[in-house]
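Novice: Provided herewith is a single structure, encoded as structure tokens, for subsequent inquiry.
The values are calculated or read from the model by the stated rules, or taken from the named source; none is laboratory data. These figures come from a predicted structure and were not determined experimentally. Cβ coordinates were reconstructed from backbone atoms using ideal geometry, including for glycine residues, and neighbour counts include every protein chain displayed. Protein only, heavy atoms only, side chains kept; ligands, DNA and RNA dropped before computing areas. Shrake-Rupley method; radii C 1.70, N 1.55, O 1.52, S 1.80 Å.
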Amino acid sequence: MPTPIRRIGMLTSGGDAPGLNAVIRAVVKTAEFEYGWKVVGIEDGFEGLLTPPKIRNLDSTAVRGILSRGGTILGTTNKGHFRTIEIDGKQQRDPAPYRELAQNMRRLGIDALVIIGGEGSQGIASELAKYGVRAVGVPKTIDNDLYGSDRTFGFDTALTVATEAIDRLHTTAASHDRVMVLEVMGRDAGWIALHSGIGGGADIILIPEIPFSMDAVASKVMTRDFQGSNFSIIVCSEGAVEQGGQQFYQESTGTLGGVGQHVAREVVTRTGKDTRVVVLGHLQRGGEPTPYDRILATRFGAAAVRELAEGRYGEVVVLRGGLITTITMVECAGKVKNVPADDEMVRTARGMGIAFGDESLDDVVPEALAEIQVDHPEASTQGDDTAED
Ligand code: F6P
């Protein structure tokens with residue numbers, strides 16, 4: 001007979017997302033008010049349950065005022081000791097930290113866990129089940145690429161920030177007859193670029209799922225010029241790739257990024273148009289969650305506690321067709337929900353004249369085509385336009 005639940009632990013793991021605190025608040029309140037359970041917050045992700053443990057009691061008073069706050073009051077880490085390591089050419093997990101975590105949970109009297117994290121964290125959670133750890137997962141990523149869920153909290157906030165950026169870029173681009181390249185987050189999936197590109201009225205959207213050709217991008221820019229729109233807005237995911245190319249990494253940090261600079265450089269070379277780049281980066285992840293994200297996060301947090309109460313361990317709460325349901329951690333772990341090539345939104349965007357950089361050059365007006373691939377030394381990609389004032 002499994003021990004009944006009286007005290008649960010909760011942790012946030014992986015990159016932060018607006019809405020994490022709303023989940024924490026919902027877990028605490030539901031556990032306390034609906035089931036009379038105690039809750040402990042575990043600091044810095046799974047690492048907080050290694051020795052010495054970093055935990056603190058959370059009750060409804062402790063989570064007062066955090067619904068609208070960005071970040072996570074518990075702190076977070078990216079896998080740490082629980083990451084997979086290469087042993088004999090295979091990706092494997094070191095059992096030591098898993099065993100230690102399970103032991104510490106028993107010592108601390110934590111009966112089950114709520115694990116708020118992305119697909120990597122759900123993979124760690126499903127591995128922990130082998131060590132007797134009972135857990136339920138809450139999916140988290142601003143990229144909206146978690147397999148099995150229509151939406152993840154944080155995405156709507158990121159989308160709102162990116163769309164506002166496109167709106168702002170429009171007015172300055174039109175004033176200067178410039179090309180503006182906006183690089184947004186999206187490591188493996190282009191949901192932020194696709195949604196914000198449609199919502200903000202971008203002219204070109206570049207996403208990891210649709211490798212682009214610079215000829216197609218440049219000809220779209222010149223076609224717009226030929227048709228009387230002398231500016232263009234290009235929104236690209238940080239993970240977008242050129243046909244036959246690879247993702248770009250920044251030399252300074254070793255992290256993903258730089259495709260925007262590449263696209264801008266090529267646009268200048270091929271079209272001669274004055275071009276600027278904006279990298280939105282972590283502005284998409286910080287700050288207050290939108291009302292949509294607060295509500296989704298609250299629903300996820302409450303649902304996770306109910307799952308634990310019903311003994312449905314090893315499940316991740318997800319949103320499908322507007323309803324909260326679950327998938328197994330095993331099903332969710334290590335998978336990405338990509339933008340399908342035949343996605344209705346991709347089709348809608350194409351129908352609106354938005355290019356994805358994979359278009360054939362056959363339909364391009366000859367006058368626009370004649371303009372590209374010439375050397376235009378007078379154009380620039382400077383990040384700062386004050387010198388021209
Ligand atoms: O997974 C979400 C994400 O926002 C990615 O789009 C991005 O590449 C990554 O996080 C960056 O995270 P960090 O800077 O924390 O490593």
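Novice: Cα gyration tensor of the stretch 134-213, axes a ≥ b ≥ c as square roots of the eigenvalues: rounded (a/c below 1.5), prolate (a/b > b/c) or oblate?
Specialist: Prolate, since a/c reaches 1.5 and a/b exceeds b/c.
Novice: Continuing with this model, one more query. Residue 359 accessible area, nearest 10 Å², 1.4 Å probe?
Specialist: The accessible area of residue 359 comes to roughly 60 Å².
Novice: To continue, here is another question. For a quick check: with amide H placed at 1.01 Å from N, whose amide H comes under 5 Å from residue 249's, ignoring anything fewer than 5 positions away on the same chain?
Specialist: 257
Novice: With 5 Å bins from zero, work out the P(r) of the stretch 214-372 over every alpha carbon pair and list the percent per bin.
Specialist: Result returned by the calculation: 1, 7, 11, 14, 14, 14, 11, 10, 7, 5, 3, 2, 1, 0.
Novice: What's the local net charge at residue 118, with K and R +1, D and E -1, over the other residues with C-beta under 12 Å away?
Specialist: With Lys, Arg at +1 and Asp, Glu at -1, the net is 0.
Novice: Using Stokes-Einstein with the Kirkwood hydrodynamic radius over Cα pairs, what translational diffusion coefficient do you get for the stretch 1-143 at 25 °C and a viscosity of 0.890 mPa s, in µm²/s rounded to a whole number?
Specialist: Reported coefficient: 160 µm²/s.
Novice: Averaged per residue, what accessible area in Å² does the stretch 158-317 show with a 1.4 Å probe, protein chains only?
Specialist: Accessible surface, normalised per residue, equals 37 Å².
Novice: Hey, another quick one. With a sphere of radius 15 Å drawn around the Cβ of residue 60, what net charge do the other residues whose Cβ falls strictly inside it have (Lys, Arg +1; Asp, Glu -1)?
Specialist: +2
Novice: Turning to a different aspect of this structure: Put a dot 7 Å past each Cα toward the Cβ at residue 59 and residue 3; how far apart are the dots in nm?
Specialist: For the pair residue 3/residue 59, the computed spacing is 2.2 nm.
Novice: Using only Cα atoms and rounding to the nearest 10 degrees, what angle (0 to 90) does helix 119-128 make with the longest principal axis of the chain?
Specialist: Relative to the chain, helix 119-128 is tipped by roughly 20 degrees.
Novice: How many percent of the alpha carbon pairs in the chain exceed a separation of 31 Å?
Specialist: More than 31 Å apart: 42 percent of the Cα pairs in the chain.
Novice: Work through the residues other than residue 77 whose Cβ is under 12 Å from its Cβ and net out their charges, Lys, Arg +1 and Asp, Glu -1.
Specialist: Its environment carries a net charge of -1.
Novice: Now, a different point. With +1 on the Cβ of every Lys and Arg and -1 on the Cβ of every Asp and Glu, and nothing else charged, how large is the dipole of the chain about its Cα centre, in debye rounded to the nearest 20?
Specialist: 2660 debye
Novice: Rounded to whole Hz and in sequence order, give me ³J(HN,Hα) for the stretch 330-346 from the Karplus expression 6.51 cos²θ - 1.76 cosθ + 1.60, θ = phi - 60°, writing x for Gly and Pro.
Specialist: With the stated coefficients, the stretch 330-346 comes to 4, 5, 7, 5, x, 10, 10, 8, 7, 6, x, 4, 9, 4, 4, 6, 5 Hz.
Novice: Now a separate question. What length, rounded to one decimal in nm, is gained on full extension from residue 282 through to residue 251, with 0.36 nm per residue of separation minus their alpha-carbon distance?
Specialist: Between residue 282 and residue 251, full extension yields 9.4 nm more.
Novice: Translational diffusion coefficient of the stretch 88-196 at 37 °C, 0.692 mPa s, Stokes-Einstein with Kirkwood Rh over Cα pairs, in µm²/s as a whole number.
Specialist: Numbers: Rh = 17.1 Å.
Stokes-Einstein gives a translational diffusion coefficient of 192 µm²/s.
Novice: Right, here's the next one. For a quick check: with amide H placed at 1.01 Å from N, whose amide H comes under 5 Å from residue 212's, ignoring anything fewer than 5 positions away on the same chain?
Specialist: Here the answer is 241, 242, 243, since their amide H atoms fall under 5 Å of that of residue 212.
Novice: At a 1.4 Å probe, what is the % contribution of carbon and sulfur to the accessible area of the chain?
Specialist: 49 percent
Novice: Measuring from label point to label point, each 7 Å out along Cα→Cβ, what is the residue 92 to residue 108 span in nm?
Specialist: 2.8 nm
Novice: With no solvent and one point on each alpha carbon, what is the Debye value of log10 I(q)/I(0) for the stretch 188-231 at q = 0.21 Å⁻¹?
Specialist: These q points yield log10 I(q)/I(0) values of -0.76.
Novice: Right, another one. Return the long-range amide H neighbours of residue 94 (sequence gap of 5 or more, or a different chain), with a cut-off of under 5 Å between placed amide H atoms.
Specialist: Long-range HN contacts for residue 94: 85.
Novice: Something else about it: For the stretch 163-236 and the stretch 83-112, what is the centre-to-centre distance using only Cα atoms, to the nearest Å?
Specialist: Centre-to-centre distance over Cα atoms comes out at 44 Å.
Novice: A follow-up question, please. How far, in nm, would the chain grow between residue 85 and residue 213 when pulled straight, counting 0.36 nm per residue and subtracting the alpha carbon separation?
Specialist: This chain segment gains 42.5 nm when fully extended.
Novice: Using only Cα atoms, find the angle between the long axis of helix 259-271 and the longest principal axis of the chain, and express it within 0 to 90 degrees, rounded to the nearest 10.
Specialist: Once rounded, one gets 10 degrees.
Novice: Taking θ as phi - 60°, what are the ³J(HN,Hα) couplings along the stretch 91-105 by the Karplus curve (6.51, -1.76, 1.60), each to the nearest whole Hz, with x for Gly and Pro?
Specialist: Rounded to whole hertz, the list is 6, 9, 10, 6, x, 4, x, 5, 5, 4, 4, 4, 5, 4, 4.
Novice: Place a point 7 Å from the Cα of residue 265 along the Cα-to-Cβ direction; which residues of the stretch 280-320 have their backbone N under 20 Å from it?
Specialist: What the label zone holds, given the 20 Å backbone N cut-off, is 280-281.
Novice: For the stretch 218-262, evaluate the Debye formula with one uniform point scatterer on each Cα (no solvent term) and list log10 I(q)/I(0) at q = 0.20, 0.25 Å⁻¹, rounded to two decimals.
Specialist: Ignoring solvent entirely, the Cα scatterers give -0.72, -0.87.
Novice: I'd like the Karplus ³J(HN,Hα) series for the stretch 215-228: coefficients 6.51, -1.76, 1.60, θ = phi - 60°, whole numbers in Hz, and an x wherever there's a Gly or Pro.
Specialist: 4, 5, 5, 5, 6, 5, 4, 6, 5, 4, 4, 4, 8, x
Novice: Here is a further query. When N counts the residues of the stretch 183-267, how does its alpha-carbon radius of gyration compare numerically with 2.2 N^0.38 Å, as a ratio?
Specialist: On the way: Rg = 12.7 Å, N = 85, 2.2 N^0.38 = 11.9 Å.
This ratio for the stretch 183-267 stands at 1.07.
Novice: While we're looking at this one, here's another question. Take the cross-link list 140/273; 29/54; 90/140; 79/220; 54/337; 220/335 and give me the ones stretching past 31 Å between alpha-carbons. All intermediate terms of the calculation are to be shown ahead of the outcome.
Specialist: Numbers: 140/273 40 Å; 29/54 21 Å; 90/140 27 Å; 79/220 42 Å; 54/337 33 Å; 220/335 34 Å.
Checking Cα-Cα distances, 140/273; 79/220; 54/337; 220/335 exceed 31 Å.
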